Amino acid sequence: MSTKTYAGIPQKYAALETSKIVLIPVPYDGTSTWQKGADKGPEAFLDASENMELYDIETQTEVYKQGVFLADAITENSSPDAVVSEVHKVTKDYIKRNKFVTIFGGEHSISIGTIRAFNECFDDLTVLHIDAHADLRKDFHGSTCNHACAVYEASQTTNLVQVGIRSMDIAETRVMDEEKVFFAHDMAKDEYWMDKVIEALGDNVFITFDLDAFDPSILPSTGTPEPGGLFWYETLDFLKQVFEERNVVGFDIVELCPNEDERASDFVAAKLYYKMLTYKFAGTEEGDEYDNHFTETKKSVSKFNTEEDEY
Ligand SMILES: [Mn+2]
């Protein structure tokens, strides 16, 4: 059995039983259309994480001491549908073990599986989708499990809020709920965009973070870079607010497409992941129990059937 741990943390913080956090790597790149290589993302991310300092200056915490279990990578790659269903199954299994579940891709199609799992386990889920691309196509190149379709299902089954968008097809305007979309060109001129996004979020929030949301000047190594993206400190300010003001139930980070000649992107991804864990657990003592409050049978129809609630 491999003794590799997340970020090289000591084994005592890396056991499944005692870890509050689970990290599932999904090295999959079957449907990307431009630069290939997102299948190498998890390995580059884990390498960078091992070379990262684990004390967070901002919060004066060491979040790895909450326990981070590095799950076996999901290596299914026989078809986009098979990957999505495996990701869905594994993610849901760990949610049901009462863990804070995080997933590192891989290309964005894997999020169809992660979102489905979280949506089945948490009531009235909001999906906070941070991305350069709208990803709202119902199908693409003959599959509903393509990276260009990453949040179509979420748009139909959850409260989908999209942030950083600056590239889409005109057909996607028919699916898009413009009141819940924050376009990059508007955000650049609106000093209140963070408050407006947070207002649009329900209590339970799953974050799907496509790294191409970042400006290519700070993260060039991604499959489909787009100019005009997010910068580091505004991203952290925003995420910190989301974690403080809402119940973030889990997250995924996708689309790191590593380049041997440019390793800074790997470190941006590693640090982003660690910062998100830090914000989640900043107020939690090491010895505190963690309860993710998943619900076995989701009352997904409750908002359309409120009669029972009235009695
Ligand atoms: Mn994208």
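When each of 207, 218, 253 is tested for being within 16 Å of the ligand (Cβ to nearest atom), aliphatic (A, V, I, L, M), touching a strand residue (DSSP E or B) at 6+ places or on another chain (Cβ under 9 Å) and open to solvent by 10 Å² or more (accessible area, probe 1.4 Å), the lone residue that passes is 218.
For the range 210-235, the set of residues classified as touching a Leu at 6+ places or on another chain (Cβ under 7 Å) and of a type outside the set (S, T, N, Q) consists of 211, 213, 214, 215, 219, listed by residue number.
Among the residues of the range 76-83, some residue qualifies, meaning at least one is among the polar types (S, T, N, Q), more than 16 Å from the ligand (Cβ to nearest atom) and without any contact (Cβ under 8 Å) to a residue 24 or more places away in the chain. Being within 16 Å of the ligand (Cβ to nearest atom) and part of a loop (DSSP other than H, G, I, E, B): is that true of residue 107 here? Yes, satisfied. Being in contact (Cβ under 8 Å) with a residue 60 or more places away in the chain and in a strand (DSSP E or B) holds for only one residue in 250, 228, and it is 250. Pairs are defined by a Cβ separation below 9 Å, a sequence spacing of at least 6 or placement on different chains, a first member in the range 264-277 that is more than 12 Å from residue 52 (Cα to Cα) and modelled with pLDDT of 95 or more, and a second member that is in a helix (DSSP H, G or I) and of a type outside the set (Val, Ile, Thr); the pairs so defined are 265/44; 265/48; 265/211; 276/239; 276/243; 277/64; 277/66.
The set of residues in the range 63-90 being out of contact with any Asp or Glu (no Cβ under 9 Å at 6 or more places or on another chain) and assigned to a helix (DSSP H, G or I) consists of 64, 80, 81, 84, 89.
When you scan the range 145-176, how many residues do you find that are acidic (Asp, Glu) and open to solvent by 10 Å² or more (accessible area, probe 1.4 Å)?
If we filter the range 145-176 for residues that are acidic (Asp, Glu), which is where we start, we get 153, 169, 172.
Imposing the further condition that a residue be open to solvent by 10 Å² or more (accessible area, probe 1.4 Å) reduces the set to 153, 169.
The total comes to 2.
Could you check the range 177-203 and list, in sequence order, the residues that are of a type in the set (Phe, Trp, Tyr), open to solvent by 80 Å² or more (accessible area, probe 1.4 Å) and in contact with a strand residue (DSSP E or B) (Cβ under 6 Å, 6 or more places away or on another chain)? Explain how you work it out, then say what you get.
Our first condition is that a residue be of a type in the set (Phe, Trp, Tyr); within the range 177-203, this holds for 182-183, 192-193.
Next, only the ones that are open to solvent by 80 Å² or more (accessible area, probe 1.4 Å) stay: 192.
If the condition is that a residue be of a type in the set (Phe, Trp, Tyr), open to solvent by 80 Å² or more (accessible area, probe 1.4 Å) and in contact with a strand residue (DSSP E or B) (Cβ under 6 Å, 6 or more places away or on another chain), then no residue fits.
Restricting attention to the range 234-263, the residues that are over 17 Å from residue 39 (Cβ atoms) and touching a helix residue (DSSP H, G or I) at 6+ places or on another chain (Cβ under 9 Å) total 18.
Can you find, within the range 126-144, the residue that is nearest to residue 216 (Cα to Cα) among those that are buried (at least 24 other Cβ atoms within 10 Å of the Cβ) and among the hydrophobic types (A, V, I, L, M, F, W, C)?
Narrowing the range 126-144 to residues buried (at least 24 other Cβ atoms within 10 Å of the Cβ): 126-136.
Subsequent filtering for residues that are among the hydrophobic types (A, V, I, L, M, F, W, C) retains 127-128, 130, 132, 134, 136.
Numbers: 127: 24, 128: 21, 130: 15, 132: 11, 134: 17, 136: 22 Å.
Restricting to residues being buried (at least 24 other Cβ atoms within 10 Å of the Cβ) and among the hydrophobic types (A, V, I, L, M, F, W, C), the top hit is 132.
The values are calculated or read from the model by the stated rules, or taken from the named source; none is laboratory data. Everything numeric here is computed off the predicted structure, so don't read it as measured data. Using ideal geometry, Cβ is built from the backbone for each residue, glycine included, and neighbour counts are taken over all protein chains shown. Surface accessibility is based on the protein's heavy atoms, side chains included, excluding ligands, DNA and RNA. Shrake-Rupley method; radii C 1.70, N 1.55, O 1.52, S 1.80 Å.
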